[in-house]
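Remarks on the structure that follows.
The values are calculated or read from the model by the stated rules, or taken from the named source; none is laboratory data. Since the structure is predicted, the reported quantities are computational estimates derived from the model, not experimental observations. Cβ coordinates were reconstructed from backbone atoms using ideal geometry, including for glycine residues, and neighbour counts include every protein chain displayed.
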């Protein structure tokens, strides 16, 4: 029947991306949206390219291009063909929410590129686990990190580790030395190793160095040959530290007999604690970036900065809501996950579009986090949105992702950062001293190169 044939053809056209970009649009999307994200490094940031992106205001330009594409082509995910790879740019905040809530089926948090990258140093990590292993690995991560609780059950122990490393750093800077990224990240990673394993791991710089080597390879995903010897040394080192984990640490909770689902069933099977912990070590680098940028917010001209610094000086205990909100604002304003990716496991339907299995849906975080059409606070430091429910009501605000695959450290990481920052800053005179000067009260830059920030205490 002619009508049936026309309908079938229309469906086929939609499935193959009838809303195609023309040549000039494709070039703009590739050069203005995708290239800056890849150039900076998805797994470990490249200092030179991070600086170039900030200088060129590339994040603002990328958001402008996506806004234009949405006006021209509508709200549906926009089909792309990238060297034979099916992909789609997500343009609607409602589609962000759908993708993240319908994870891992039909939208997998793994996918070809992410699996290729993370396999360099955590081949059995939860993010790239299949359906058989994923539920128990996710449960093990949640048992250790306890999402949903602002104050971790072992908060006192974690606070002691954070305090010790931060106070040691503050003492080292007392002579007037400036705090730069290298010095800050070294102390922060020492804190991370302490809260994961215990005090004995504070000086295990080799572990972090090995991970750095592997992450640099992971920036190239499956295009870079694996360094098996380096990966084996790293994971063996992590495994040995897990076996020594001190009471009250995250690794101790991961392997505790209190949680039967974390029992290991042999090398290469079951939970594989070393792989889950490898992911935490990787994620703590993003946490360090968020923490360092939080110092820039605390030295800004915003009223929110004054309130957060008052909390640092006056509030005792583990509960620092404004400082935790400052951390979340840091990740909203300058996302550490540049692009959230979900890969469809089957054909999916989107209003006017049909996408085949294997399509990579690309969510540019900064586009949604800094959308002035929806967010009156888009370019301001507004920590209150994380305290009064406004952030929760915005489906496009996903600094720690959302849904079943949301970061299991969504609460524990801001807690640890807030404790570290309080111990570092309290009683001092935190001042930004690099050429950028204090951030303004409004009109915050779309990019903030953490490599060039410097502070005095």
- Task: Say whether the condition of being closer than 29 Å to residue 226 by Cα, in contact (Cβ under 8 Å) with a residue 60 or more places away in the chain and not in a loop (DSSP other than H, G, I, E, B) is met by at least one residue in the stretch 91-105.
- Result: no
- Selection within the stretch 65-90 - surrounded by 17 or more Cβ atoms within 10 Å (Cβ to Cβ) and assigned to a loop (DSSP other than H, G, I, E, B): 76, 77, 90
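Here's the yes/no breakdown for (1) within 23 Å of residue 353 (Cβ to Cβ); (2) in a helix (DSSP H, G or I):
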{"residue": "21", "(1), (2)": "yes, no"}
{"residue": "25", "(1), (2)": "yes, yes"}
{"residue": "31", "(1), (2)": "no, yes"}
{"residue": "36", "(1), (2)": "no, yes"}
{"residue": "39", "(1), (2)": "no, yes"}
{"residue": "42", "(1), (2)": "no, no"}
{"residue": "48", "(1), (2)": "no, yes"}
{"residue": "51", "(1), (2)": "no, yes"}
{"residue": "60", "(1), (2)": "no, yes"}
- Item | strands (runs of 3 or more DSSP E) (entirely within the stretch 346-433) containing at least 1 residues that are touching a helix residue (DSSP H, G or I) at 6+ places or on another chain (Cβ under 8 Å) and under 29 Å from residue 281 (Cα atoms) | 360-364
- Within the stretch 322-329, is even one residue buried (at least 20 other Cβ atoms within 10 Å of the Cβ) and assigned to a strand (DSSP E or B)? no
- Task: Mind listing whichever residues of the stretch 106-127 are assigned to a helix (DSSP H, G or I) and closer than 22 Å to residue 84 by Cβ?
- Result: 112, 113, 114, 115, 116, 117
- Message: Among (1) modelled with pLDDT of 95 or more; (2) closer than 20 Å to residue 114 by Cβ; (3) surrounded by fewer than 20 Cβ atoms within 10 Å (Cβ to Cβ), there is one condition residue 221 misses while meeting the rest; what is its number?
- Response: (1)
- Task: Give me the pairs, please: first residue somewhere in the stretch 174-186 and surrounded by 15 or more Cβ atoms within 10 Å (Cβ to Cβ), second residue anywhere and part of a loop (DSSP other than H, G, I, E, B), beta-carbon distance under 7 Å, and either six or more positions apart or on two chains.
- Result: 179/173; 179/457; 181/453
- Check off (1) modelled with pLDDT under 95; (2) out of contact with any helix residue (DSSP H, G or I) (no Cβ under 7 Å at 6 or more places or on another chain) for residue 149 and give me the number that stays unchecked. (1)
- Say whether the condition of being under 27 Å from residue 146 (Cβ atoms), touching a residue at least 12 places away in the same chain (Cβ under 8 Å), assigned to a helix (DSSP H, G or I) and out of contact with any strand residue (DSSP E or B) (no Cβ under 6 Å at 6 or more places or on another chain) is met by at least one residue in the stretch 447-454. no
- Message: Criterion first (surrounded by fewer than 18 Cβ atoms within 10 Å (Cβ to Cβ), modelled with pLDDT under 95 and assigned to a loop (DSSP other than H, G, I, E, B)) does residue 443 satisfy it?
- Response: no
- Message: Restricting to the stretch 25-64, name every residue that is at positive phi and surrounded by 15 or more Cβ atoms within 10 Å (Cβ to Cβ).
- Response: 41
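Here are some residues: 418, 456, 412. Which one is at pLDDT 95 or above and either within 24 Å of residue 51 (Cα to Cα) or more than 20 Å from the chain's Cα centre (by Cα) (or both)?
456
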- Residue check, residue 216 against (1) crowded, with 17+ Cβ neighbours inside 10 Å; (2) more than 22 Å from residue 160 (Cβ to Cβ), all met but one. Which one? (1)
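Within the stretch 386-409, count every residue that is more than 14 Å from the chain's Cα centre (by Cα) and surrounded by 20 or more Cβ atoms within 10 Å (Cβ to Cβ). Reasoning before the result, please.
Just the residues of the stretch 386-409 that are more than 14 Å from the chain's Cα centre (by Cα), to begin with: 386-396, 403-404.
Add one more test, that the residue is surrounded by 20 or more Cβ atoms within 10 Å (Cβ to Cβ), and what stays is 386, 391, 396.
Of the residues in that region, 3 qualify.
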- Got at least one residue in the stretch 141-157 being surrounded by 19 or more Cβ atoms within 10 Å (Cβ to Cβ) and free of Cβ contacts under 8 Å to residues at least 40 places away in the same chain? no
- Note on the structure: Residue hits (the stretch 52-90; under 23 Å from the mean Cα position of the chain (by Cα) and more than 30 Å from residue 451 (Cα to Cα)) are 77, 87, 88
